[in-house]
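Inspection log for the structure reproduced underneath, given as structure tokens.
Derivation of every value follows stated rules applied to the coordinates shown; laboratory data play no part. Given the structure is predicted, the values throughout are model-derived calculations rather than measurements. Don't worry about glycine lacking a Cβ; one is built from the backbone with ideal geometry, like all the others, and counts go over all protein chains shown.
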């Protein structure tokens, strides 16, 4: 059962409107320093969650993030960065937000209050037992997220929660929940601040570890990234120069020929056999 929500507790600071600019910024920074320590305390659960998701994902399952408001947007952000960074199709890591795409930019009133909405959103993807669903909710009580997790449980998917309150309804609905207790927000109840930052850190860990484990990174390099602009093409050239110990001109020719760091590396490896 949900305990008193830490995310709704009063700020450690009063009379914010009377603070100077430097006081506002320094106090916010002091609060932000607490986030990494709070995340560190949850690392064993994050590791366990990744180890549940990994075999399902390796078998072709998908990873879904579901949330409302800031939490939903953070899930979409993490999911949207997987194809360009790691070269996976857009349908492997999917972010869903209460209210649909409109809610990415504009708040959709009361969308998060419907548990049935998440079920309908997930049904469109024919959710199955190989999939994993992570419900993100700072409060731990968002009906949209809870409804989605309950539906995912029924179809046999792995369910995870990511919240900023202990003993939440999300934790009751999920098989495993990461509870990052960052304490009161600088502006009371404004979970786009410390809570949102902590969620971003955890999602980075989950998706990055997953991409490394399935082989989308070589050494420390994103060899599967999409070469979709000049910056990324230059990065790919530099990767090849480092990995193959070749000059820039040769690396550039390989990128032009294969259009992929991974394919270029593979071609050189095969030619040397």
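Data overview
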{"read-out": "Residue 47 paired with residue 11, simple spin-label distance in nm, labels 7 Å along Cα-to-beta-carbon", "value": "3.7"}
{"read-out": "Neighbour-count ranking [beta-carbon atoms within 10 angstrom, fewest first] of 102, 159, 197", "value": "102, 197, 159"}
{"read-out": "Sequence of 207, 139, 71 once ranked by neighbouring C-beta atoms within 10 Å, starting from the fewest", "value": "207, 139, 71"}
{"read-out": "Extension reserve of the residue 29-residue 263 stretch, reckoned as 0.36 nm per residue once the Cα distance is removed", "value": "79.9 nm"}
{"read-out": "Cα-derived Rg over Rh, computed across the range 115-252 with Rh taken as Kirkwood radius", "value": "1.13"}
{"read-out": "C-alpha long axis of helix 248-258 to longest principal axis of the chain, angle in °", "value": "80"}
{"read-out": "Extended-chain gain in nm, criterion 0.36 nm per residue less alpha-carbon gap, residue 20 and residue 231", "value": "72.0 nm"}
{"read-out": "Least to most buried among 258, 65 (fewest other Cβ within 10 Å first)", "value": "258, 65"}
{"read-out": "Approximate spin-label separation residue 107-residue 154, in nm, with each point projected 7 Å along Cα-to-Cβ", "value": "3.0"}
{"read-out": "DSSP beta bridge pairing in the chain, given as percent antiparallel to the nearest 5", "value": "5"}
{"read-out": "Normalised contact order of the chain, rounded percent, pairs of Cα under 8 Å and 6 or more residues apart", "value": "23"}
{"read-out": "Cα-derived Rg to Rh of the chain, Kirkwood definition", "value": "1.05"}
